[in-house]
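Below you'll find the structure, written out as structure tokens, and then a few comments.
The values are calculated or read from the model by the stated rules, or taken from the named source; none is laboratory data. A quick note: this is a predicted structure, and the numbers were derived from the prediction, not measured. Reconstructed Cβ throughout: ideal geometry from the backbone, glycine too, with neighbour counts over all protein chains shown.
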Amino acid sequence: MFAARTNWSLTTNRLSRGLEELRREGRAYLDLTESNPTRCGFATDSHLIREALADPRALLYEPDPRGALAAREAVVDYYSERGVQLSPPQLFLTTSTSEAYSFVFRLLADPGDSILVPRPSYPLFEFLAGLNDVRLIPYPLDYHDGWGIDREALGASVASARGQARAIMIVHPNNPTGSFVSSTESDALAALAREQDLALVADEVFSDYAWDPGSGRVRTHATEQRVLTFSLSGLSKISALPQMKLAWIVVTGPDDLREAALARLEVVADTYLSVSAPVAYALPKLLELRGQIQPQILERVRANLRSLDEQLSARLPVSRLRAEAGWYAVLRVPVTRSDDDWAAELLAREQVLVHPGHFYDFTSDGHLVVSLLPPPEVFREGVAKLLAYVSRCC
């Protein structure tokens with residue numbers, strides 16, 4: 001009766017069962033996975049948000065496949081502040097980056113075609129690909145005192161698609177590794193994409209959260225003109241407003257390919273007309289909120305990083321992998337048990353919740369992922385318990 005694309009395993013995993021048991025018993029735990037900014041104690045201007053949503057233009061239905069012009073102009077201004085010159089016709093508003101991915105996958109790929117995706121990376125991609133009848137082919141990010149694209153393996157992954165690859169996805173910065181695409185890597189990606197007739201799809205939702213000013217990295221792929229490129233971002237991370245459900249696609253590249261993509265995307269977007277008028281007209285003011293919220297988040301992230309690094313030492317069997325941006329830290333732990341076992345034991349015995357590495361598609365054990373957004377006192381205590389437990393076990 002049901003489509004094969006929804007034939008997921010619905011069995012509750014061990015970590016989820018342990019969490020349900022703690023909650024059922026009313027026992028407290030330290031959540032080092034919390035990454036929802038609306039639950040992390042940041043100060044937001046609730047009056048400005050309510051005022052933004054009260055724009056009277058939202059009372060009149062004037063559908064535009066690309067989204068309200070005033071909203072797209074605000075996005076253009078956002079990129080202009082980053083030194084990128086765009087025009088409103090290059091943008092499409094969507095209700096989320098998940099929907100943006102669906103639009104782009106539908107535009108580029110027929111059922112059974114392939115998209116190249118980095119590994120490790122965000123776990124949602126597998127579901128999005130399946131729902132759009134697209135096959136994912138992973139390419140590895142290697143770690144050698146920093147993360148980088150294994151370009152030889154990427155080329156082999158493209159070859160394995162046997163002519164059915166349609167795009168290379170990059171997450172910039174990557175979630176959870178916190179690594180940017182370097183300028184050298186960007187050049188190599190563009191050359192491969194041109195050679196193999198592929199598009200680039202760049203997820204840049206965390207790009208405003210670089211921990212330190214850096215060089216040798218690409219600021220945004222919305223400047224890419226060598227190959228057809230789709231750059232995705234939105235309010236969820238930029239203004240820490242995931243509940244507002246507004247994102248966008250920026251289309252760049254050679255003139256002929258860009259214009260063809262824009263024309264086809266307009267039909268896709270016109271079919272759905274999914275963005276609500278109140279949120280679209282609120283976008284200019286909601287984007288302004290980033291000036292209030294981003295400094296708070298960066299201060300929290302840096303404080304928790306300092307706390308983590310202060311508690312780590314050469315004597316401990318735990319280390320932090322080097323990163324550049326984002327809201328997460330990856331910990332390397334001894335491979336004396338699986339990542340699932342480490343996470344389940346930490347929850348059951350120390351009441352500390354972390355994500356096992358396989359949640360983010362790490363291909364080997366020895367990795368735990370923690371969010372850097374929890375309140376500092378919660379983060380410090382949780383890390384202390386994690387480190388003490390791992391030390392006792394090793």
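Data for the structure
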{"item": "Members of the stretch 320-352 found to be more than 26 Å from the chain's Cα centre (by Cα) and in a loop (DSSP other than H, G, I, E, B), listed by number", "result": "P334, V335, T336, R337, Q351"}
{"item": "Residue in the stretch 160-178 that is in a helix (DSSP H, G or I), more than 20 Å from the chain's Cα centre (by Cα) and surrounded by fewer than 24 Cβ atoms within 10 Å (Cβ to Cβ) present", "result": "yes"}
{"item": "Qualifying residue in the stretch 74-81 (condition: β-branched (V, I, T), more than 30 Å from D341 (Cβ to Cβ), without any contact (Cβ under 8 Å) to a residue 24 or more places away in the chain and not assigned by TED's automatic domain parsing to the domain that holds L386)", "result": "yes"}
{"item": "Near pairs, Cβ below 9 angstrom, 6+ apart or cross-chain, from the stretch 298-311 (of a type in the set (S, T, Y)) to any residue that is surrounded by fewer than 16 Cβ atoms within 10 Å (Cβ to Cβ)", "result": "S307/P376"}
{"item": "Subset of the stretch 49-63 [of a type outside the set (K, R) and either within 10 Å of A282 (Cα to Cα) or out of contact with any Asp or Glu (no Cβ under 9 Å at 6 or more places or on another chain) (or both)]", "result": "I49, E51, A52, L53, A54, D55, P56, A58, L59, L60, Y61, E62"}
{"item": "Set D145, D203, D212: member being out of contact with any helix residue (DSSP H, G or I) (no Cβ under 8 Å at 6 or more places or on another chain) and within 27 Å of S239 (Cα to Cα)", "result": "D212"}
{"item": "Every residue from the stretch 1-24 that is over 27 Å from the mean Cα position of the chain (by Cα) and in a loop (DSSP other than H, G, I, E, B)", "result": "M1, F2, A3"}
{"item": "Exclusive hit being surrounded by fewer than 17 Cβ atoms within 10 Å (Cβ to Cβ) and among the aromatic types (F, W, Y), set Y281, Y272", "result": "Y272"}
{"item": "Subset of the stretch 359-386 [of a type outside the set (A, V, I, L, M), touching a Pro at 6+ places or on another chain (Cβ under 9 Å) and under 19 Å from D142 (Cβ atoms)]", "result": "Y360, D361, F362, T363, D365, G366, H367"}
{"item": "Residues (basic (K, R) and in a helix (DSSP H, G or I)) located in the stretch 59-107", "result": "R72, R106"}
{"item": "Qualifying residue in the stretch 172-182 (condition: in the same structural domain as T223 (by TED's automatic domain parsing) and over 23 Å from I297 (Cα atoms))", "result": "yes"}
{"item": "Test: residue in the stretch 122-130 that is touching a strand residue (DSSP E or B) at 6+ places or on another chain (Cβ under 8 Å), not in a strand (DSSP E or B) and not hydrophobic (A, V, I, L, M, F, W, C)", "result": "yes"}
{"item": "Residues being of a type in the set (K, R) and either exposed (fewer than 13 other Cβ atoms within 10 Å of the Cβ) or under 24 Å from G112 (Cα atoms) (or both) - total across the stretch 5-16", "result": "1"}
{"item": "Given (1) touching a residue at least 12 places away in the same chain (Cβ under 8 Å); (2) assigned to a helix (DSSP H, G or I), number of the condition L316 does not satisfy", "result": "(2)"}
